[in-house]
Amino acid sequence: MPQLVFYRKYRPQSFSEVINQKNIIKTLSNAIVGGQISHAYLFTGLRGVGKTTVARLLAKALNCKGRKPNEFEPCNKCESCEAIKNGNALDLIEIDAASNRGIEDVRSLRENIKFQPINSKYKIFIIDEAHQMTKEAFNALLKTLEEPPSYVIFILATTEPDKLPPTILSRVERYDFKKLNLDDIIDCLKSICKKEKIKFEDEALRLIALYSEGGLRDAQSLLGQISLVTNQNITKKAVEELVGAINFEKVKKFINCLAKKDKEKAMEFINDIYDEGYDLEVFNKEVLNYLRKILLLKISPSLGKVLEKEATSEEMTILFKQAQVFDTPYLEKLLKRFIDIQVQLRRTPIPTLPFELCISEEL
């Protein structure tokens with residue numbers, strides 16, 4: 001089973017299926033019904049939140065032959081809708097700027113623009129990872145964006161809009177896609193599991209959602225990969241093993257060493273998990289997130305509601321207790337040191353050394 005099969009299989013085919021982007025969908029749907037279509041759009045946001053999906057839906061709706069004037073959803077039945085769904089629409093050109101980033105590629109695009117749509121109202125260009133285009137390529141694209149033919153629509157998608165030149169930004173209609181909620185991702189994963197007859201533990205799906213960091217595509221891809229490895233029986237332990245996760249109990253043990261300022265046990269712990277094969281970068285991220293949670297609870301117990309989706313009720317009880325042990329200045333100092341460690345881990349010849357220095361100096 002290919003790793004990305006679920007992402008492809010369950011890609012939304014209508015605007016109503018898109019998760020957690022209501023404002024964007026409402027604005028685009030009003031524009032479609034009102035015929036107020038821009039010649040260039042910019043879709044920004046984290047990876048896997050629906051930018052390319054919505055771009056394809058917009059292209060599908062605009063070129064749909066079965067859509068009525070007062071409707072915005074594509075019919076998903078006409079020749080144009082079927083072609084876009086199957087990835088063989090001649091008037092929808094998708095370009096990966098990461099591998100087509102130079103001026104020659106843009107010149108080729110500009111030549112393509114001269115030709116009218118073959119069997120659609122619009123010729124639509126989706127440029128993914130648009131921020132990776134070269135300065136010369138942006139300059140060449142700018143000339144096209146300034147005076148595009150009436151039948152051409154550009155949709156630029158990027159995770160880093162700040163890297164786009166101001167001249168480009170001033171000529172596009174921008175939409176910022178939100179990070180997906182943890183519950184939305186979990187609900188989507190549960191729906192897929194039920195349709196695919198996959199057994200699962202709730203905690204396993206929660207862990208997958210957490211590791212996707214708000215990206216539905218990553219969550220669906222990880223679900224597909226784990227379902228293959230586990231023969232469609234997804235457990236929390238299986239997820240932890242596959243993603244290299246450090247479970248809550250292990251991190252709690254290390255945090256207790258920090259709280260007690262026990263240098264010897266903290267040093268032993270770091271070397272033990274390294275010998276066991278754990279990725280220390282992953283472990284450090286878990287420590288940072290754990291300390292962050294304690295800091296929030298230290299500032300105000302009411303901030304626990306911010307963490308409820310990230311931790312179980314049992315974990316929250318433990319976090320509340322640990323928040324009473326740490327004093328705020330020490331906690332803040334540790335957080336800053338572990339942020340530094342995250343950078344140092346990519347350069348150090350001895351992976352355990354950044355931790356050992358921190359333990360030696362701060363405990």
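The dipole here belongs to the range 21-176: it is taken about the Cα centre, uses +1 on the Cβ of Lys and Arg and -1 on the Cβ of Asp and Glu, and is about 420 debye. Each Lys and Arg contributes +1 and each Asp and Glu -1, all at the Cβ; summed about the Cα centre of the range 96-201, the dipole is approximately 340 debye. When +1 charges are put on Lys and Arg Cβ atoms and -1 charges on Asp and Glu Cβ atoms, the dipole computed for the chain relative to its Cα centre reaches about 1140 debye. Treating r as the C-beta distance of N86 and E249 and R0 as 45 Å, the FRET efficiency rounds to 0.40. Here is the list for the range 52-135: trypsin sites (Lys or Arg not before Pro) lying in DSSP coil, each with at most 16 other C-beta atoms within 10 angstrom of its C-beta, are K65, K77, K114, K121.
On the beta carbon distance between L357 and N231, with R0 = 35 Å, the FRET formula returns roughly 0.20. Comparing P148, V251, I208 along the charge dipole axis of the range 142-263, the residue lying farthest to the positive side is V251, per the Cβ-charge model. Near K123, the amide H atoms lying under 5 Å from its own belong to V152, I153; only residues 5 or more places off or on other chains count, and H is placed 1.01 Å from N.
Return the calculated 222 nm mean residue ellipticity for the chain, to the nearest 500 deg cm²/dmol, obtained by summing -39500 (n - 2.57) across DSSP H runs with n ≥ 4 and dividing by the residue count. Don't jump to the answer; show the numbers that get you there.
Numbers: 18 runs with 203 residues, N = 363.
The helix-only estimate for the chain comes to -17000 deg cm²/dmol at 222 nm.
Which of A157, T134, I113 sits farthest toward the positive end of the charge dipole of the range 71-159, with +1 on the Cβ of Lys and Arg and -1 on the Cβ of Asp and Glu? In the range 71-159, that residue is I113.
In terms of distances greater than 19 angstrom between alpha carbons, the cross-link table entries K261/K336; K26/K178; K22/K195; K114/K163 yield K22/K195; K114/K163. Only one residue of F6, L288, G87 has its Cα farthest out toward the positive end of the dipole of the chain, where Lys and Arg carry +1 and Asp and Glu -1 on Cβ, and that residue is G87.
Compute the acute angle (0 to 90°) between the alpha-carbon long axis of helix 248-260 and the principal axis of greatest extent of the alpha-carbon atoms of the chain; round to the nearest 10°. Relative to the chain, helix 248-260 is tipped by roughly 50 degrees.
What length, rounded to one decimal in nm, is gained on full extension from D262 through to E310, with 0.36 nm per residue of separation minus their alpha-carbon distance?
Details: separation 48, 0.36 × 48 = 17.28 nm, distance 2.79 nm.
That works out to 14.5 nm of additional length.
Helix 51-63 versus the longest principal axis of the chain: what angle, 0 to 90°, nearest 10, using Cα atoms? Once rounded, the angle reads 20 degrees.
Remark on E173: its backbone amide H falls under 5 Å from those of A40, Y41, L42, a criterion applied only to residues 5 or more positions apart or on other chains, H modelled at 1.01 Å from N.
Amide H contacts of F200: I234, each under 5 Å away and 5 or more positions distant or on a separate chain (H built 1.01 Å from N in the peptide plane; Pro and chain starts excluded). List the trypsin sites (Lys or Arg not before Pro) in the range 287-363 that DSSP assigns to loop (not H, G, I, E or B) and whose Cβ has at most 11 other Cβ atoms within 10 Å. Which are they? Answer in residue order: R346, R347.
Full extension of the segment from K178 to D279, taken as 0.36 nm per residue of separation minus the current Cα-Cα distance, would add 33.4 nm. Taking Cα atoms only, the orientation of helix 103-113 departs from the longest principal axis of the chain by about 40 degrees.
With neighbours defined as other Cβ atoms within 10 Å of a residue's Cβ, the residues C78, C64, C257 order from fewest to most as C78, C257, C64. The length gained by stretching the chain between D96 and N119 to full extension, at 0.36 nm per residue less their Cα-Cα distance, is 5.9 nm. Please identify which residues in the range 40-57 have an amide N closer than 11 Å to a label point set 7 Å out from the Cα of N139, following the Cα→Cβ vector. Under 11 Å, as judged by backbone N against the label point of N139, lies no residue of the range 40-57.
All of the numbers you see were taken from the coordinates with simple rules; none came from a lab. These numbers come from a predicted model, not from an experiment. Please note: Cβ atoms are built from the backbone with ideal geometry, for glycine as well, and neighbour counts cover all protein chains shown.
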